[in-house]
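The values are calculated or read from the model by the stated rules, or taken from the named source; none is laboratory data. Since the structure is predicted, the reported quantities are computational estimates derived from the model, not experimental observations. Backbone-built Cβ (ideal geometry, glycine too); neighbour counts: all protein chains shown.
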Amino acid sequence: MAHEPQPQPLNEADEPVERDALDAEAVRTWSTLALAALGRAREDIDAINVYPVADADTGTNLYLTAESADRELADVFAGVTDGTAGTSLPEAVRAFAHGALIGARGNSGTILAQLLRGVADVLADEPAGRGPARLLAQALTRAAEEAYQAVAHPVEGTMLTVATTAARAAAVAEAAAGSVADVAAAAYDAARAALAETPGQLAALGRAGVVDAGGCGLVAVLGALWQALSGQEPADEPVRGRAVPVPRPPEPCAEDLGGPAYEVVYLLEAAEARVAELRTRLDGLGDSLVVVGGDGLWNVHVHVDDPGAAVEAGVVAGRPYRIRITHFGDERRRTRGERAQRAVVAVVQGEGLAGLCGEAGATTLLARPDGPPAVAELLAAVRRAHAREIVLLPNSAELRAVAAAAAEQARADGVRVAVIPTRSEVQGLAALAVHDPEGTFDEDVVAMTAAAGATRYGELAVAERQSFTSAGICQAGDVLGLIDGDVAVIGPDLPGTAEAVLARMLGSGGELVTLVLGPEVPDTLAARLEAYVQQSHLAVDTVTYRGGRGSAPLLIGVE
């Protein structure tokens, strides 16, 4: 299968511009062209997405991953302002790969990030004696090898197969003394041929009559590489397969039966030795496990039924952040390209709380320790929930304006959004407990709002400096007990202050106490507070959760 160039802008000599070197500008051009190509093919790739989960988002995930990579690369070029030296090839490829790593989305996006890392591992080295053609061939080979190693259980007929076939063809072209553009052309042509064979390699694709969606995206990326190095544009060709979302067969195939309900993705700061243990632990929890990265930073992707356990595994290995938990929902509806009717989006502080809300069916956004999420982040979470109706739980008074702005933008997309003014995660948990996706939107919002409003919330924090509060002057190190956002108690230790806060909150009655313990708080405190409630308020029940890293020392809810 040969590539088919189309007319291109010519240089002053009226000839196509072909590069004979692999430099930073070539990487930048590749990134720009790849993003454009994935943007054009995005919806068509989404429509043929049937493996590993028919959730109609592979094209979107690849595009968002490429967008993050392109943004990081653009920042590097923008930082060169002295006019004396441009961006080097090592700087460019490292930025390209790092941007893909931190922005990787979904199974396919995570694999693409590792492919780009493999390319960067070779091109950033640039040892003497290797010309650009050999460098590129070796880079594509390393990329395919690292991608296979990153996937817990590689499957043929996927983008891994396409990557390996492309790398082999690139090596053959380089051995035949081809130019760097010839090597890119060979990789692109081989990838196209390999993509055409995927329906015969993977049963799920054959039954649906489509090629692999991730492989289709990789072909677009390799076509952009060839264009960047040759100056010629690949011919537009339709995505092979159905031009509409693929329906699920009458009897679901074996790969679809009993699949995990959640996708969990997070960035992880951890030593490489701990990541090996993490892979083993996550492999026992679910499937579609891909862990990519290196040098202390990793992107973790897994499908599980217990998202809390997947996040907890990351906590054991290192420091997880940018945690995204997505419920796959009704796959029949998603396969047809339709939105779910209703979803809940919750902002939380603490990995344990993220897992808890995820188990309750919410799409979660983990707030960073250094500040609240931006409107764009909250809007991305709303779009990720992929529903016609969204109930938004900001769980912070500081986020009300941000939530309102995100809701307004989502409404412009045709999504019906209601923001419930929850000011604490315990109010959000109370709202989630009465969430009824089968009821009408208005009834659901009213019930969730009432549950949140009927929940008083308390929080314990440690004062960082001397200051004036509504309960008097506190010193650095004092324990502050807040009730409904105001300091009500100042105490010397956590247990005594917690009991004093509970006493005040239960003074006006209550039926249920919710305790959310921070990562450093011992279980003995929970036992002490539960005993206090039982002794002083016999009719009140108590439930206890772990908030995980990033959560407050103690949250208290009284309903």
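Numbers at a glance
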item: Some residue of region 492-499 being farther than 19 Å from T514 by Cα, in contact with a Ser or Thr (Cβ under 7 Å, 6 or more places away or on another chain) and outside the structural domain of V434 (by TED's automatic domain parsing); result: no
item: Index of the failed condition, G352 passing every other in (1) part of a helix (DSSP H, G or I); (2) buried (at least 23 other Cβ atoms within 10 Å of the Cβ); (3) more than 23 Å from the chain's Cα centre (by Cα); result: (3)
item: Tally of residues being touching a Pro at 6+ places or on another chain (Cβ under 9 Å), buried (at least 17 other Cβ atoms within 10 Å of the Cβ) and not in a helix (DSSP H, G or I) across region 168-215; result: 4
item: Residue, nearest to V180 (Cα to Cα), within region 145-166, restricted to residues that are among the aliphatic types (A, V, I, L, M) and surrounded by 24 or more Cβ atoms within 10 Å (Cβ to Cβ); result: A166
item: Residue in region 408-421 that is over 20 Å from Q341 (Cβ atoms) and buried (at least 23 other Cβ atoms within 10 Å of the Cβ) present; result: no
item: Residue among A376, A362, A381 that is surrounded by fewer than 20 Cβ atoms within 10 Å (Cβ to Cβ) and modelled with pLDDT under 90; result: A376
item: Condition met for I111 (of a type in the set (A, V, I, L, M, F, W, C), surrounded by fewer than 21 Cβ atoms within 10 Å (Cβ to Cβ) and either touching a helix residue (DSSP H, G or I) at 6+ places or on another chain (Cβ under 9 Å) or in the same structural domain as G214 (by TED's automatic domain parsing) (or both)); result: no
item: For G481: the one exception among (1) at pLDDT 90 or above; (2) over 18 Å from V344 (Cβ atoms); (3) within 31 Å of the chain's Cα centre (by Cα); result: (3)
item: Scan of region 44-62 for residues that are surrounded by 24 or more Cβ atoms within 10 Å (Cβ to Cβ) and part of a helix (DSSP H, G or I), ordered by number; result: I45, T58, G59, N61, L62
item: Residue within region 451-473 that is surrounded by 19 or more Cβ atoms within 10 Å (Cβ to Cβ) and of a type in the set (S, T, Y) present; result: yes
item: Unique residue being in contact with a Pro (Cβ under 9 Å, 6 or more places away or on another chain), farther than 19 Å from Y266 by Cβ and small (G, A, S) when the list is A430, A343, A412; result: A343
item: Filter pass, G439 being touching a residue at least 12 places away in the same chain (Cβ under 8 Å), assigned to a loop (DSSP other than H, G, I, E, B) and surrounded by fewer than 18 Cβ atoms within 10 Å (Cβ to Cβ); result: no
item: Qualifying residue in region 445-454 (condition: hydroxyl-bearing (S, T, Y) and either in contact (Cβ under 8 Å) with a residue 40 or more places away in the chain or touching a helix residue (DSSP H, G or I) at 6+ places or on another chain (Cβ under 9 Å) (or both)); result: yes
item: Count of region 404-432 residues which are closer than 21 Å to L353 by Cβ, in a helix (DSSP H, G or I) and out of contact with any Ser or Thr (no Cβ under 9 Å at 6 or more places or on another chain); result: 2
item: Residue check, V292 of a type outside the set (S, T, Y), part of a strand (DSSP E or B) and at pLDDT 85 or above; result: yes
item: Residue within region 543-552 that is surrounded by fewer than 19 Cβ atoms within 10 Å (Cβ to Cβ), over 19 Å from R456 (Cα atoms) and not assigned by TED's automatic domain parsing to the domain that holds G428 present; result: no
